[in-house]
Structures are given as C-alpha cells and as structure tokens.
Amino acid sequence: MSVYRMCLAAMAAMVLAVPAFADDNSSAKAAVQSQQVTQTNGADTKINVNKATSKELMQVKGLTASKARAIVAYRKKQGDFKSIDALAKVKGFKKVKADEMKQIEAQLTVE
C-alpha cells in the first residue's frame, strides 16, 4: 500500500508542477512578442497595429477597449493594414474627430 501512495504522491506533484513551468514559458513568449509589437523611435514608442493584441492597443492614448477590439477584428477579417489611414474604415472610427485621429495615428505603425 505504501508504494501505491508514493506513486500517487509523485503523480500529484507532477500535475501541480507542469502548470507552473508552462506559465513561465508563456510569460517569456509574451515578453518577446511585446518587443516585436512596439518600436522605439527616439523618445516615441509606436505600437504595430498589425501585430498588437487588443490589450496592447488599449495602451494607445485615445483608443478605448471597444475600438481596440474592433481593430483586431477588422485585421482578422480583412488582413493586415497597408497604411495607418486604413483605420478610418474600422467600425467606430468614422465618428472620431480629425485631430483625435492624428493623435492616435501618431502612436501607431504598420511596419
């Protein structure tokens, strides 16, 4: 009976350890992806609209959660943005004023 308990304890330890190590790997992947999403241009940091997640897009001043999700949905449906000006075609951006749109576009890149 003690051998059975030892095997059971070893299996339980493995089950508990696997998610802990998997989480470390996913955070490393997220850090690498985050570096790819942002580009540093002197003092300005621009976010790549073609690679960013909605959470990363919400860091842009002027973008709400719904607009960030709309960008990601549009990108999945239509493909990558060819230019920043194509943001005007995304749902919710038709009502955005020109000066607000310029401010948003200044923080984004398509490269």
Within the range 55-98, considering residues that are polar (S, T, N, Q) and within 16 Å of the chain's Cα centre (by Cα), the one surrounded by the most Cβ atoms within 10 Å (Cβ to Cβ): Gln59
All positions within the range 88-111 that are more than 17 Å from Arg69 (Cβ to Cβ) and of a type in the set (Lys, Arg): Lys97, Lys102
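All of the numbers you see were taken from the coordinates with simple rules; none came from a lab. Since we're looking at a predicted model, the values are computed, not measured. Glycine gets a Cβ as well: all are built from the backbone with ideal geometry, and neighbour counts include every protein chain shown.
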